Amino acid sequence: MLDARQLEALAAVIESGSFGAAAKALSVTLAAVSLRIKSLEAALGQRLLVRGKQVRATPAGQALLAHVRQLRLMEADLMAGLPGAGADTARMQTLSVAVNADSLTSWFLPGVAPAVQQHRLLLDVVVDDQDHTHDALKSGDVVGCVTTLAQAMRGCVAEPLGIMRYRCVAAPALVAEWGAALPHLMLRSPAVIFNRKDALQDAWLAQHFNLRDALYPRHFVPAVDAFVLALELGMGWGMVPDLMLAARTGRRPLQEVLPGHPVDVVLYWQHWVREPLAAQRLTQAIKQAARDGLLQG
């Protein structure tokens, strides 16, 4: 049997990033935290943490962190189901999820908000590109992720959510300037890109012009509102989902660069096969939100 105090010490160190912060969170001494971690590593015969300026988990430590988080959710379910436990006394449960920024602001949060409020859930959202969110699930940092990865990871299930359709847009003045000389003149103008993991613009160029590894200047704007504002201000061209374009009212106009030529991104919800009740409720809310908000193939 694994020692519960040692596991909580490990989780506290990983989640807080330091032994000192973990000791404060657990209301114990720094020496006590260090001893518990050393004892756990000795019992398992391997290192669980990489010590440094920022403490991080080894693969074994990440696996144990996922185990601790599952235990916490299962314990919360148990306590809520005990005789005499009422909804007003039930402890709020935190669920960590990884979601791409476009989904988060367009369909995810509006869709899950009622369930989060009804079931007293707390969301801890990790924002990453949809091609990389599964890394957070693999490491045990989250209980589920919105991802483009169709193949279920070990211990997980991948459920299709729907299609997010993106269009290449720019300010009308820029589109008029380029005329029919696409994509050559367009590629002399900067692209507005969310972050360095964002490959949608490259996918659009490859799909519709058979251009791969194209060179063009780039702005990086890692905030959804600011990203769209940069496009409206004529700073360049970029990929925006239909859901966000439809919600733009009273804003500066944006025009599709090549009408009728979108890029479709198929999304999946990957989560643990064995989910605690709170996570099951969130999964159901996410699937319903996707049915309501995304294109269904």
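FYI, it's all coordinate maths here, none of it is from the lab. Every value quoted in this text rests on a predicted model; they were computed, and no experiment measured them. Backbone-built Cβ (ideal geometry, glycine too); neighbour counts: all protein chains shown.
Would you kindly identify the strands (runs of 3 or more DSSP E) lying entirely within segment 45-154 that contain at least 1 residues that are farther than 28 Å from R5 by Cα and of a type in the set (S, T, N, Q)?
Fully inside segment 45-154 and qualifying: 144-147.
Determine which single condition E177 fails, assuming it passes every other condition in (1) in contact (Cβ under 8 Å) with a residue 40 or more places away in the chain; (2) surrounded by fewer than 17 Cβ atoms within 10 Å (Cβ to Cβ); (3) closer than 20 Å to G234 by Cβ.
For E177, the failing item is (1).
Of all residues in segment 20-44, count the ones that are over 15 Å from D3 (Cβ atoms) and not polar (S, T, N, Q).
Going through segment 20-44 one residue at a time, the tally reaches 8.
Given the criteria surrounded by fewer than 16 Cβ atoms within 10 Å (Cβ to Cβ), over 30 Å from A76 (Cα atoms), free of Cβ contacts under 8 Å to residues at least 12 places away in the same chain and among the small types (G, A, S), does G260 qualify?
Judged against the criteria, G260 is a match.
For every residue, the table says whether it meets (1) closer than 16 Å to A101 by Cα; (2) more than 27 Å from the chain's Cα centre (by Cα); (3) surrounded by 13 or more Cβ atoms within 10 Å (Cβ to Cβ).
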| site | (1), (2), (3) |
| --- | --- |
| L205 | no, no, yes |
| H208 | no, yes, yes |
| L229 | yes, no, yes |
| E232 | no, no, yes |
| G238 | yes, no, yes |
| W269 | yes, no, yes |
| L277 | no, no, yes |
| R281 | no, no, yes |
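Is it the case, given these coordinates, that A290 is small (G, A, S), within 20 Å of the chain's Cα centre (by Cα) and outside any strand (DSSP E or B)?
yes
Please specify each residue of segment 182-199 satisfying the condition of being in contact with a strand residue (DSSP E or B) (Cβ under 7 Å, 6 or more places away or on another chain) and over 17 Å from G260 (Cβ atoms). Walk me through how you get there before you give the answer.
In the first step, residues of segment 182-199 are kept if they are in contact with a strand residue (DSSP E or B) (Cβ under 7 Å, 6 or more places away or on another chain); the result is 186, 189-193, 195-196.
S189, P190, A191, V192, I193, N195, R196 - these are the residues of segment 182-199 that are in contact with a strand residue (DSSP E or B) (Cβ under 7 Å, 6 or more places away or on another chain) and over 17 Å from G260 (Cβ atoms).
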